[in-house]
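Novice: A single structure is presented below for examination.
Just so it is clear, none of the values below were taken in a lab; they were calculated from the coordinates. In this text, all values refer to a predicted model and were calculated from it rather than measured experimentally. Cβ sites come from the backbone with ideal geometry, for glycine too, and all protein chains shown count toward neighbours.
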Amino acid sequence: MLEIADLRVSYAGIQALRGVSLNVEAGETVALIGPNGAGKSSLLNAVSGLVRPAGGSIALNGTDIAGSSPWRVTEAGVLQVPEGRQVFAEMTVLENLQVGQTALHGRDPTYSLADVYRVFPILDERRDQRAGSLSGGQQQMLVIGRALMGGPRLLLLDEPSLGLAPVIIEQVFAALARLKEAGLTILLVEQNAHLALTASDRAYVIEQGVIEKSGASADLARDPDVTALYLGQT
Amino acid sequence: MTGAIAGYLPLFDLYLIHLGLAFSQYIVLRAGVFSLATAALAGIGAYTAGIFAVNLGMHPILGLVAGTLTGMGAAVVLSIPLARLRGVYQAIATVAFIQIVLSLNIYSESLTGGAMGLNNIPKTVGTVTLLVFAAGATYLIWALERGRIGRAFDAIRQDEAVAASLGISITRHQTLAFALSGALAGLFGGLEAYHAYALDPNQFGFHLLITVLSYVILGGRNSVAGPLLGTALLIILPELARPLAENRMIIYGIMLIVVINYLPKGVADTFLDWWRARRLGRQGGAP
C-alpha cells in the first residue's frame, strides 16, 4: 500500500532522513521505533505532505505522492494523527470530529460518527464538552477519532502513548488493535519500543535518519541489539 | 416621542454601516488572518460607488455592485502577498496597504477629488436600505460560521498545521475569508457613499481601522453576536454624555485595555461561554 524508497528530508541543510526505505502492506500494522531525533516524525510529516522531501519517492498504491500538498494526501486516504494530542481546544468534542470529515473530500466515509463512538464510548459521553477540558487520554482518543472521520485507508500515528498513564495507554492500544482487526492499515511511530513491538506485525528501527534493522516485530523483540538499546534489558 | 426617535436615527444608520465593516474585520480574524485592511477596502468600495454615481451617472444599484466587486477584487489581490506572512507581519502589511490606498486617493485628484474629497453624491440610501443590507450581512455571517466553512476557519485559527494535516486547504479558506471581507467592506463603503452626500479620503484611514477593530475586540471574535454587540456599545456609550463623545478615541482606548485584560474573549463571547457552561452543568455533564 505504502512504499517509501530512498527518502531524504533536510531542515536548513541538516539531514533528518538520509535515504530511508520502508513499505507497509494493506492490513498491516508497521511500527517505526527509535530514539528522540532519529527522524521518526520527519518521515510521517513527509508522507502526509507537511514537509517537502529533498529526494526519494513515496508511493501510495503505485502513485507517487512525494511533495504533494497535505490536501492531496488526505484525499488519497492517508490521515495523520499528529504528536502531542493536538485537539482544537475551543471546539466541542463533536465539532472536532466534524472537522475531521474535511479529509473525505467527497469520498465515502469508512467510519461513521456512531462507529467512532463505538470505538471510544467516552467521546459520546463528552460530545458537547470543550475538547480542551478533556483529560490527556481522552484527547488522544479524540484525535484518533477525528482522523477516523476522514475515512483513512492508511493511518499514520505519531507517538500515541506520549505522556499518558499506563492504564490509559492500554485503552488506546486496545482500540488500535480493534481497528487493525477491522482491516485498517497503520504506520505507528513510537518511542516506547516494547509497546510498539507488541502492537505491530513488523517493525523498523531508525537511528540518525537511517534504518538500522527491520523484521517481524516478534523477532525484533528477541533481537539482542534491540533489547539492549530499546527494551532496557541486558 | 417620534421626535426623540428621529433624533437617534443618524446614530442608528451609523451603527448599521459600521456593523457591516465590523463583520468585514471579524471574518478575517475568524479565519486566522491578522488583516486590518477593512478601512482601505471600505474606502475603495465607497469611492468606486461614489465615482459611479457622480462621474458616470450610474444607477446606485450598479454603483453598489461595482463597490462590492472592487472591494472584493482588491482583497483577493492583497491576499496573495499576505499568504506568505503571519500574525503581526500581516497586520503591518495591511496598515501599509491603508496608507497606500489613502495616498493614491489623494494623488488621483481628477478621479477622486483628491484631498477635497468627492462631493455631491446623490443620497439614495436611507435607514430601511441599510437595515436590509445589515440584516443580510448578519445572516450571511451566521450561516457561514455554523457550517463547514466556519469550522474550517476555526480549525485554521486554532492550529494551522493540524488543520492542514486534516486536509483543510489553508490558502483556499483564507482567500475566501479575504474575498468576503473585501466584498462586505466594499458594499458597506458604497452604502456609506450613497448615505452621506460626500466622501473624504481621511475617513478611511487609521482612525477607522482602530474603530472597526475595537468593535470586534470589545464584542467578541468567535460569534456573530460579538460584532453586533461591540459595535452597538462603542457607538452608543460615547453618545450618552457629550464630553464622552468629544473624547471618543480616549474612551475606545480605555475600554479596549479593560476588555483585553479582564474579558479577553470580548463581552458577547464571555457571556455565551458562561451560558453554555451553565447549561452543560445543568445536564450533569460537568467537566
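Novice: The range A:2-230: D in µm²/s via Stokes-Einstein (Kirkwood Rh, Cα pairs, 37 °C, 0.692 mPa s)?
Specialist: Rounded, D is 185 µm²/s.
Novice: On to the next question. Roughly how crowded by other chains is peptide B:147-159, in terms of the mean Cβ count from those chains within 10 Å of each of its Cβ atoms?
Specialist: For peptide B:147-159, the averaged partner shielding equals 4.
Novice: Calculate the mean, over all residues of peptide A:91-102, of how many other protein chain Cβ atoms lie within 10 angstrom of the residue's Cβ.
Specialist: 4
Novice: Report, in debye and to the nearest 20, how large the dipole of the range A:1-148 comes out about its Cα centre when Lys and Arg carry +1 and Asp and Glu carry -1 on their Cβ.
Specialist: Approximately 380 debye in magnitude.
Novice: Between the range B:122-187 and the range A:63-97, how far is it from one alpha carbon centroid to the other, in angstrom?
Specialist: With the range B:122-187 and the range A:63-97 each reduced to a Cα centre, they are spaced 23 Å.
Novice: Take every DSSP beta bridge with both residues inside chain A and express the antiparallel ones as a percent of the total, to the nearest 5.
Specialist: For chain A, the DSSP antiparallel bridge percentage is about 55.
Novice: Further question on the same structure: Can you run phi through the Karplus equation (6.51, -1.76, 1.60; θ = phi - 60°) for the range B:274-279 and list ³J(HN,Hα) in whole Hz, with x for Gly and Pro?
Specialist: Result, rounded to whole Hz: 4, 5, 4, 4, 5, 5.
Novice: Counting only other residues whose beta carbon sits under 10 Å from that of A:THR185, what net charge do I get with K and R as +1, D and E as -1?
Specialist: Charge balance near A:THR185 sits at 0.
Novice: For chain B, find the longest principal axis of its Cα atoms and tell me its angle to the long axis of helix B:88-107, 0 to 90°, nearest 10.
Specialist: For B:88-107 against chain B, the angle is about 10 degrees.
Novice: Which order do peptides B:262-269, B:68-75, B:128-135, B:185-192 fall in by mean Cβ count within 10 Å, highest first?
Specialist: Those peptides, ordered most packed to least, come out B:185-192, B:68-75, B:262-269, B:128-135.
Novice: Applying the Karplus parametrisation 6.51 cos²θ - 1.76 cosθ + 1.60 with θ = phi - 60° to the phi angles of the range A:103-119, what ³J(HN,Hα) value in whole Hz is obtained for each residue in order, glycine and proline being reported as x?
Specialist: 5, 5, 6, x, 6, 6, x, 9, 10, 7, 4, 4, 4, 5, 5, 5, 5
Novice: Let me ask you something else. Classify the protein assembly as shown from the C-alpha gyration tensor, please: rounded if a/c falls under 1.5, else prolate or oblate depending on whether a/b exceeds b/c.
Specialist: Prolate is the answer for the protein assembly as shown, as a/c is 1.5 or above and a/b outweighs b/c.
Novice: For the peptides A:92-99, A:145-152, A:36-43, A:168-175, what is the packing order when you average, over each peptide's residues, the other Cβ atoms within 10 Å and list the highest mean first?
Specialist: Going by the mean number of other Cβ atoms within 10 Å, highest first, we get A:145-152, A:92-99, A:36-43, A:168-175.
Novice: Would you tally the net charge around A:GLY215, using a Cβ to Cβ cut-off of less than 15 Å, leaving A:GLY215 out, and scoring K and R as +1, D and E as -1?
Specialist: Local net charge: -4.
Novice: Now for a different question. To the nearest 20 Debye, how big is the dipole of the range B:2-283 about its Cα centre, given +1 on the beta carbon of each Lys and Arg and -1 on that of each Asp and Glu?
Specialist: 900
Novice: Further question: Please list the non-local residues whose amide H lies under 5 Å from the amide H of A:THR29, H modeled 1.01 Å from N, same-chain partners needing a gap of 5 or more.
Specialist: A:ILE186, A:ASP201, A:ARG202
Novice: Treating the angle as unsigned and between 0 and 90°, give the value, to the nearest 10°, between the Cα long axis of helix B:2-30 and the longest Cα principal axis of chain B.
Specialist: 60
Novice: Next question, about the same structure. Assign unit charges at the C-beta atoms only (+1 for Lys and Arg, -1 for Asp and Glu), then state the dipole size of the protein assembly as shown relative to its Cα centre in Debye, rounded to the nearest 20.
Specialist: 900
Novice: Please express the shape of the range B:141-287 as an equivalent ellipsoid: the semi-axes are the square roots of 5 times the eigenvalues of the C-alpha gyration tensor, given largest first in whole angstrom.
Specialist: Details: eigenvalues 186, 114, 36 Å².
Largest first, the range B:141-287 gives 30, 24, 13 Å.
Novice: With the Cα gyration tensor of chain B giving a ≥ b ≥ c as the square roots of its eigenvalues, does the rule (a/c under 1.5 for rounded; else a/b larger than b/c for prolate; else oblate) give rounded, prolate or oblate? Please report the intermediate quantities before stating the final value.
Specialist: Numbers: a/c = 1.77, a/b = 1.28, b/c = 1.38.
In terms of gyration-tensor shape, oblate.
Novice: Sticking with this one: Take the alpha-carbon positions of the range A:30-81, form their convex hull, and give its projected area averaged over all directions (one quarter of the hull surface) in nm².
Specialist: 4.0
Novice: If you plug each phi of the range A:191-203 into the Karplus form 6.51 cos²θ - 1.76 cosθ + 1.60 with θ = phi - 60°, what whole-Hz ³J(HN,Hα) values come out, in order, with x for Gly and Pro?
Specialist: 8, 6, 5, 4, 4, 5, 6, 6, 8, 10, 7, 10, 8
Novice: Compare the peptides A:191-201, B:33-43 by average per-residue count of other Cβ atoms within 10 angstrom and give them in order, highest first.
Specialist: B:33-43, A:191-201
Novice: Can you list residues whose amide H is under 5 Å from A:LEU7's amide H, if they're 5+ apart or on another chain and H is modeled 1.01 Å from N?
Specialist: Hits under the 5 Å cutoff: A:GLY19, A:VAL20, A:SER21, A:SER57.
Novice: Please report, in cubic angstrom per residue, the volume enclosed by the convex hull of the alpha-carbon atoms of the range B:186-260.
Specialist: Taking only Cα atoms, the range B:186-260 has a hull volume of 113 Å³ per residue.
Novice: Using only the alpha-carbon atoms, how far is helix B:206-219 inclined from the longest principal axis of chain B? Give it as 0 to 90 degrees, nearest 10.
Specialist: 30
Novice: Under the rule of at least 5 residues apart or a separate chain, name every residue whose amide H is placed under 5 Å from the amide H of A:GLU207.
Specialist: A:GLU212
Novice: First check a/c for the range A:52-125, with a ≥ b ≥ c the square roots of the eigenvalues of its C-alpha gyration tensor; if it is under 1.5, answer rounded, and if not, answer prolate when a/b is larger than b/c or oblate otherwise. Provide the component values of the computation, followed by the final result.
Specialist: Numbers: a/c = 2.60, a/b = 1.86, b/c = 1.39.
Judged from the Cα gyration tensor, the range A:52-125 comes out prolate (a/c at least 1.5, a/b above b/c).
Novice: Once the other residues with Cβ under 15 Å from the Cβ of B:LEU213 are scored (Lys, Arg +1; Asp, Glu -1), what is the net sum?
Specialist: Working: positive: B:ARG30, B:ARG221, B:ARG248; negative: none.
Taking every Cβ under 15 Å from that of B:LEU213, the sum is +3.
Novice: Could I ask something else about it? Cα to Cα, under 22 Å, and not fewer than 8 places away if on the same chain: which lysines meet these conditions relative to A:LYS180?
Specialist: Output for A:LYS180: A:LYS40.
Novice: In peptide A:75-87, what is the residue-averaged number of other protein chain Cβ atoms found within 10 Å of each Cβ?
Specialist: Averaged over the peptide's residues, the number is 2.
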